[in-house]
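*Asks:* Please read through the structure below; I'll follow up with questions.
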Amino acid sequence: KIYNYYLSNNFKYGKFNLDANLNLQKFKLSGQKGKCSDDNYLCYPKEAGNLTLKDTNLNYSFLASLHLNNYFMPFVGYTKATRALNVQEVFTSGAYNTDINTNLKPESAKTFQVGFNSFMHGILAHDDTFGLKIIYYKLDMDNYIYDRTVLLGGAFFARDNAKAKFEGFEVETSYDVGYFYTNLSYSYQKALKLPISDSQKIAGYLGMGGGQTQFSELPRSYATLDIGTRLFDEK
C-alpha cells in the first residue's frame, strides 16, 4: 500500500518561473516469510511468519527557469525522490538460495540538473514548431538496492543497501507540423559509484544465469526515435 500527499506551487515574476513541489510518501508492505537461514544476520526474527515493512518519506523538487527568449530558456533544478520497496525486492534475492533482509530500506535519490529549452515556430511551414532540450545532471542515491553475499560457503544472498552516484546528459529534439511529427532523444549516463551485485559476479564467473537478467549493468547510452503522422484531418 502506497499513499502520496502532494503540494504543488508555481511562482511567476516577469521572465522568472519557479515550480516547487512537496510530496509525503507513506508505504506499507506486508506478507508471509519463510524461516530465515541461521547464518543470515540481516533477517530477524528467524522463525517463519508475518512480515511488515513500512516507512514515511518527505520528497521535494524545485525547478527555476528564466524565459530570456524563445531560443534560450535556461533552467536549474534539484529533486529528492524516494521509491517504495516492492514485493520482489523484499521476498526474493534473485539468485540461488533465497533469503531476505528485514531491514531493507527504500531507495532515495537526490538529483541536480541544469539545462535549457529552445523553441522555434514557422521554420519550414507557417504552423510548424521545433523544440530542443539539453540537460546535464548528477544523481546521488542512498540505499541503492543490490545483492550481497551473506554466507559465501552456502552461496546464498540477500538484498542490501549501499550508496551509488551517477552523472549524465540528455538531448531531446522535436518537430511538429500537424500532419507529421518526429521526436529524437539521446541520453548518456555514467556510474561514478555503483556496487555490482555479488550474485551477478558469481553467476558470471560460473557461467550460470542465476536468475539474473542478461545485463549485469544497464547500458550507458539510450536513443529513441519516434515518427508519426496524423491522418483524416489530423484526427
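The values are calculated or read from the model by the stated rules, or taken from the named source; none is laboratory data. Here the structure is a predicted model, which means the values were calculated and not measured. Neighbour counts are summed over all protein chains in view; Cβ atoms, including those assigned to glycine, are modelled from backbone coordinates with ideal geometry. Accessible surface is based on the protein model in full, side chains and every heavy atom, while ligands, DNA and RNA are left aside. Shrake-Rupley method; radii C 1.70, N 1.55, O 1.52, S 1.80 Å.
*Asks:* Leaving out ligands, DNA and RNA, and with a 1.4 Å probe, what % of the accessible surface on the chain is carbon or sulfur?
*Replies:* Accessible surface attributable to carbon and sulfur in the chain totals 57 percent.
*Asks:* Let me know the longest stretch in the chain that avoids all GluC sites (Glu not before Pro) found in a DSSP loop with at most 15 other C-beta atoms within 10 Å.
*Replies:* 48-216
*Asks:* Note down the nm distance, to one decimal, between modelled labels 7 Å out along Cα→Cβ at T102 and at D233.
*Replies:* The two pseudo-label positions are separated by 6.6 nm.
*Asks:* Name the residue from H121, N70, G49 whose Cα lies farthest towards the positive end of the charge dipole of the chain, charges +1 on Cβ of Lys and Arg and -1 on Cβ of Asp and Glu.
*Replies:* G49
*Asks:* I want to check the label-to-label distance for T224 and L132. Put each point 7 Å from Cα in the C-beta direction and report it in nm to one decimal.
*Replies:* According to this spin-label approximation, the distance is 2.1 nm.
*Asks:* Can you pull the one-decimal nm distance between simple spin-label points at K165 and L7, each 7 Å off the Cα toward Cβ?
*Replies:* Spacing of the two 7 Å Cα→Cβ label points: 3.3 nm.
*Asks:* In a shell of Cβ-Cβ distance under 11 Å around Y181, excluding Y181 itself, what net charge do Lys and Arg (+1) and Asp and Glu (-1) give?
*Replies:* Result for the local shell: -3.
*Asks:* If you don't mind, there's one more thing I want to ask. Write down the radius of gyration of the chain and its Dmax, each obtained from C-alpha positions, in Å.
*Replies:* So, for the chain, Rg and Dmax equal 23.1, 73 Å respectively.
*Asks:* Dipole size in debye (nearest 20) for segment 122-183 around its Cα centre, Lys and Arg Cβ +1, Asp and Glu Cβ -1?
*Replies:* Roughly 440 debye for segment 122-183.
*Asks:* Which ³J(HN,Hα) values, rounded to whole Hz and listed in residue order, are derived for segment 161-172 from phi using the Karplus coefficients 6.51, -1.76 and 1.60 in 6.51 cos²θ - 1.76 cosθ + 1.60 with θ = phi - 60°, glycine and proline given as x?
*Replies:* 10, 8, 9, 9, 9, 9, 8, x, 9, 9, 10, 9
*Asks:* Also, I was wondering about something else. How big is the dipole moment of the chain about its Cα centre under a simple scheme where the beta carbon of each Lys and Arg is +1, that of each Asp and Glu is -1, and everything else is neutral? Debye, nearest 20, please.
*Replies:* Result for the chain is approximately 700 debye, rounded to the nearest 20.
*Asks:* Determine, from the Cβ-Cβ distance of E47 and K26 and an R0 of 30 Å, the FRET efficiency 1/(1 + (r/R0)^6), rounded to the nearest 0.05.
*Replies:* It comes to 0.60.
*Asks:* Of the listed pairs K15/K138; K35/K105; K28/K105; K54/K138; K110/K163, which have alpha-carbon separations greater than 18 Å here?
*Replies:* K15/K138; K35/K105; K54/K138
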